[in-house]
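Notes follow once the structure below has been shown.
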Amino acid sequence: MSLTLWDPFVEMENLLDKYGRSSRKSLPNASEQSMEVGDWMPSADIVENPESFNVKLEIPGVDRDDVKVTVENNVLSIKGEKKYKYEDKKHHRIECSYGSFVRSFTLPNSVDGEKVEAVYNNGTLELVLPKQEKAKPRLLEIKVQ
């Protein structure tokens, strides 16, 4: 008979993994349509400046060809997949997120969806969403008499 060291936190980690990751690819919303969700959600930063909105998404380990960016009906959608490379090794811990991801952001009407630019470099996807000309702030000098 061999003795085994019991670690109560292993069971808790397994339970959190089980309920922390969705096995469903869609969730129903109020209008009975489905909203797409992924297995994990990358972090995003959104910054506004006078000329544009800049979106930065951290997606390390995701191949450039596995990322799709679309703008439709004033909604920016970023979809992709981080693939897990299976190896014949004993894994003691897997904490990195794998599988599909989806991030969607509703854009203000001031964004020109036809001129979106995207650059993917070192696991960071950077998007520039330029504002329409009429939406850019202008300084008007008014002469007081």
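The values are calculated or read from the model by the stated rules, or taken from the named source; none is laboratory data. The model shown is predicted, which means the values in this text are computed figures rather than measured ones. Ideal geometry is used to build each Cβ from the backbone, glycine not excepted, and the neighbour counts take in all protein chains shown. For accessibility, only protein heavy atoms count, side chains too; no ligands or nucleic acids. Shrake-Rupley method; radii C 1.70, N 1.55, O 1.52, S 1.80 Å.
May I ask you to verify whether residue 120 is among the aromatic types (Phe, Trp, Tyr) and surrounded by 14 or more Cβ atoms within 10 Å (Cβ to Cβ)?
Criteria met by residue 120.
Looking only at residues that are assigned to a strand (DSSP E or B) and at pLDDT 85 or above in the stretch 25-48, which one is surrounded by the fewest Cβ atoms within 10 Å (Cβ to Cβ)?
47
Please find, among 76, 140, the residue that is assigned to a loop (DSSP other than H, G, I, E, B), more than 30 Å from residue 13 (Cα to Cα) and modelled with pLDDT under 95.
Answer to the selection: 140.
Does the stretch 64-121 hold any residues that are among the polar types (S, T, N, Q) and either touching a His at 6+ places or on another chain (Cβ under 9 Å) or touching a residue at least 24 places away in the same chain (Cβ under 8 Å) (or both), and which are they?
Result: 74, 77, 97, 100, 104, 106, 109, 110.
Just need a number here: residues in the stretch 72-117 that are charged (D, E, K, R) and either on the phi > 0 side of the Ramachandran plot or open to solvent by less than 50 Å² (accessible area, probe 1.4 Å) (or both).
Going through the stretch 72-117 one residue at a time, the tally reaches 3.
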